[in-house]
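The values are calculated or read from the model by the stated rules, or taken from the named source; none is laboratory data. As the structure is a computational prediction, the values presented were derived from the model and not from experiment. Protein only, heavy atoms only, side chains kept; ligands, DNA and RNA dropped before computing areas. Shrake-Rupley method; radii C 1.70, N 1.55, O 1.52, S 1.80 Å.
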Amino acid sequence: MFDSVPQTPCIATTAPPVLFLSDPFGTPGEWSGVSEFLGPRGNCRAFDDPAEWRCAVERAPKGAHLAAHGTAGYHALKAAMDHPHAVRSVTLVDPDIIRAIPDLMLCCQFRGQLKLIARATALASDCRHEEAAAKVMDWWRGPRSWKRTAPRTRAEFVRAMPLLADEWWTQDRTPLSLLRLARLSCPIKVISGRRMPSEVRSLAHVLRMAIPDFSLQLVKSARALSHLTHPQIVSPEIGKFIVCSDMGWHSDEDLALAA
């Protein structure tokens, strides 16, 4: 049976913000299941513009929970590094951040994904956006996924392809270091499908070894977008992670008052 949304009483105090960020192929609406599950326990806001999302992170006076999908995971980890006292937790769904970690780009287990990114960005540079989007979709969702996708959705992905290529270029220009990742103090959770490409699973295991407070949830039978294809599993997992992370989080203001 599907997990049901728990009936929780209204909370008198203002819930901490939960800020969702989608990658260029996604939309803010993809987080509605998690938002509904959290209910009054999270002040949820969803974005598809990294600049607007970063402003929301920086303006959270007592810290925020961050959740991101795909290439947006880069922005979430960078925000946790740049604003460690403002980030309560980070949840990454299918993180597409291999181009942001130079230390791993020579490892043989990531060659397939790096070749995909190089080919897709080259096609996008030649304005062959449909071919690029098709290659990306088939790699992440499985062979022939592009042909099985509705024409309207395919058109949206084609329009978003230049933005996705820009995201990979941004990762190249301002990379993340494993050393800084290892110094993150907030809890990090990665959620992905067991049927994802091996490169994605390998990256999750590397992050688990590098980041002190790290947890990994692999959803059985899922490929990409498990928060949409398996919301009855992913939404409760994200909700529990956010609530548990809140229990051990204190802002500088809280610590000063306690002292």
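For this structure, a couple of remarks:
- Here segment 87-243 exposes an accessible surface that is 53 percent carbon and sulfur, computed with a 1.4 Å probe and the other protein chains kept in place.
- Excluding ligands, DNA and RNA, the accessible surface per residue across the chain is 49 Å² with a 1.4 Å probe.
- A 1.4 Å probe, protein heavy atoms only, puts the accessible area of residue 195 near 120 Å².
- Cα-based helix-to-principal-axis angle, 231-247 vs the chain, degrees rounded to 10: 40
- Rounded if a/c under 1.5, otherwise prolate or oblate - segment 110-150, Cα gyration tensor axes: oblate
- For the pair segment 121-146 / segment 54-90, the C-alpha centres are spaced 29 Å from each other.
- Heavy-atom accessible area, probed at 1.4 angstrom with all protein chains present, ranks 126, 138 as 126, 138, highest first.
- Segment residue 213-residue 119, extension gain: residue separation times 0.36 nm, minus the distance between their alpha carbons: 30.4 nm
- Using equal-weight Cα scatterers in the Debye expression, the normalised intensity of segment 151-259 in log10 at q = 0.21 Å⁻¹ is -1.26.
- Candidates 227, 69, 85, ranked by Gaussian network fluctuation over the chain, Cα under 10 Å, top entry: 85
- Solvent-accessible area of residue 169, all protein chains in place: 110 Å² (probe radius 1.4 Å, heavy atoms, ligands and nucleic acids excluded).
- Of 73, 193, 33, the one that fluctuates the most in a GNM where the chain has Cα springs shorter than 10 Å: 33
- Entry note, segment 35-118: relative contact order of 24 percent, from Cα contacts under 8 Å with a spacing of 6+ residues.
- Note on residue 119: accessible area approximately 110 square angstrom, rounded to 10, probe 1.4 Å, nucleic acids and ligands left out.
- Over the chain: helical MRE at 222 nm, DSSP H runs n ≥ 4 each giving -39500 (n - 2.57), nearest 500: -15000 deg cm²/dmol
- Measuring nothing but how far apart in sequence close Cα pairs (under 8 Å, 6+ apart) lie, relative to its length, the chain scores a relative contact order of 21 percent.
- Descending Cα extents along the principal axes, segment 1-136, whole Å: 53, 37, 28
- Cα gyration tensor category, rounded, prolate or oblate, for segment 77-175 with a/c compared to 1.5: prolate
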